[in-house]
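What follows is one structure encoded as structure tokens, with my remarks underneath.
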Amino acid sequence: MKAQTKETQNSMTPQSSLDVLKQGNDRFVNGTQVVRNLIAQVEETSTGQYPFATVLHCIDSRVSAEHVFDQGIGDLFSIRIAGNFVNEDILGSMEFACKLAGTKVLVVLGHTACGAVKGACDHSRLGNLTALINKIEPAVDAVKTPADADLRNSSNIDFVNDVAAKNVEMTIDNIRTRSSVLSEMEANGEIKIVGGMYDIATGKVDYYE
């Protein structure tokens, strides 16, 4: 499969870009990934890159956007941070990717059994990790059930996954609130901003907007 070109990027819409990601995840789950010559793609992208999607996802070693969505070199801007939240630098990277480099869909991808979310559920404190955990804890507070404090920790995997999903939702809200560039692009139909949850047990991504 050839690498993306300016022409192929320009021909894609926000919806068709999302459809390509969905189709790629279906191939990943079914074990029918596209055969790619990655070295050829290295050569093809050596003079420029024209990705169609930007994915913000966790550093978790089990969740690599290129694998999960069955994409090759030059297809995705991949932004990774534990807990897949946004800050000023990440928002700036997203603005570059969408406004200047032409990606058509922006996906915030959370995942089940997220270690960073578990840390937030337990209100863990450790060096610089503390500041990172603090950024995820609002999602813990936003999930109201269960009310029993003994069930609001990392030992309750259903609670952890509910918090992870809420964190994706709140991250999307933060993108729209804190980036006038991206919110305007979305309002104009230039991009889609989409949430997703990756199931580490099945490889499947469930989407919501």
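The values are calculated or read from the model by the stated rules, or taken from the named source; none is laboratory data. This is a predicted model, so every value here is computed, not measured. Positions of Cβ are backbone-derived with ideal geometry, glycine not excepted, and every protein chain shown enters the neighbour counts.
The set of residues from the range 34-51 being of a type outside the set (K, R), part of a loop (DSSP other than H, G, I, E, B) and either without any contact (Cβ under 8 Å) to a residue 12 or more places away in the chain or out of contact with any Phe, Trp or Tyr (no Cβ under 8 Å at 6 or more places or on another chain) (or both) comprises V34, V35, N37, T45, S46, T47, G48, Q49, Y50. The one condition from (1) buried (at least 23 other Cβ atoms within 10 Å of the Cβ); (2) over 21 Å from I59 (Cα atoms) that S155 does not meet is (1). The C-beta contact set for the range 188-209 (first residue of a type in the set (A, V, I, L, M, F, W, C), second residue modelled with pLDDT under 95, distance under 9 angstrom, 6+ apart or interchain) comprises I193/E209; V194/Y208; V194/E209; M197/Y208. Scan the range 85-125 for residues that are closer than 24 Å to K204 by Cα and among the charged types (D, E, K, R) and the total you get is 2. Summed over the range 170-187, the residues that are without any contact (Cβ under 8 Å) to a residue 60 or more places away in the chain and surrounded by fewer than 16 Cβ atoms within 10 Å (Cβ to Cβ) give a count of 7.
Pairs linking a residue in the range 1-23 that is part of a loop (DSSP other than H, G, I, E, B) to a residue that is surrounded by 19 or more Cβ atoms within 10 Å (Cβ to Cβ), with Cβ atoms under 6 Å and 6 or more positions apart or on different chains, are A3/G74; Q4/Y50; Q4/G74; Q4/D75; T5/Y50; M12/F52; M12/K104. Set side by side, the residues T112, T103, T130 differ, and just one is surrounded by fewer than 18 Cβ atoms within 10 Å (Cβ to Cβ) and either in contact (Cβ under 8 Å) with a residue 40 or more places away in the chain or hydroxyl-bearing (S, T, Y) (or both), which is T130. For the range 86-116, the set of residues classified as in a helix (DSSP H, G or I) and hydroxyl-bearing (S, T, Y) consists of S93 only.
Of all residue pairs spaced 6 or more apart or on separate chains, those with beta-carbon atoms under 8 Å, a first member in the range 142-155 that is over 22 Å from D173 (Cβ atoms) and free of Cβ contacts under 8 Å to residues at least 60 places away in the same chain and a second member that is surrounded by 10 or more Cβ atoms within 10 Å (Cβ to Cβ) and of a type in the set (K, R) are P146/R152; S154/K118.
Looking only at residues of the range 36-81 that are closer than 21 Å to E169 by Cα and of a type in the set (D, E, K, R), we find that the one that is surrounded by the most Cβ atoms within 10 Å (Cβ to Cβ) is D60. Where residues in the range 197-207 are among the hydrophobic types (A, V, I, L, M, F, W, C) and part of a loop (DSSP other than H, G, I, E, B), which of them is nearest to the chain's Cα centre (by Cα)? Restricting to residues being among the hydrophobic types (A, V, I, L, M, F, W, C) and part of a loop (DSSP other than H, G, I, E, B), the top hit is I200.
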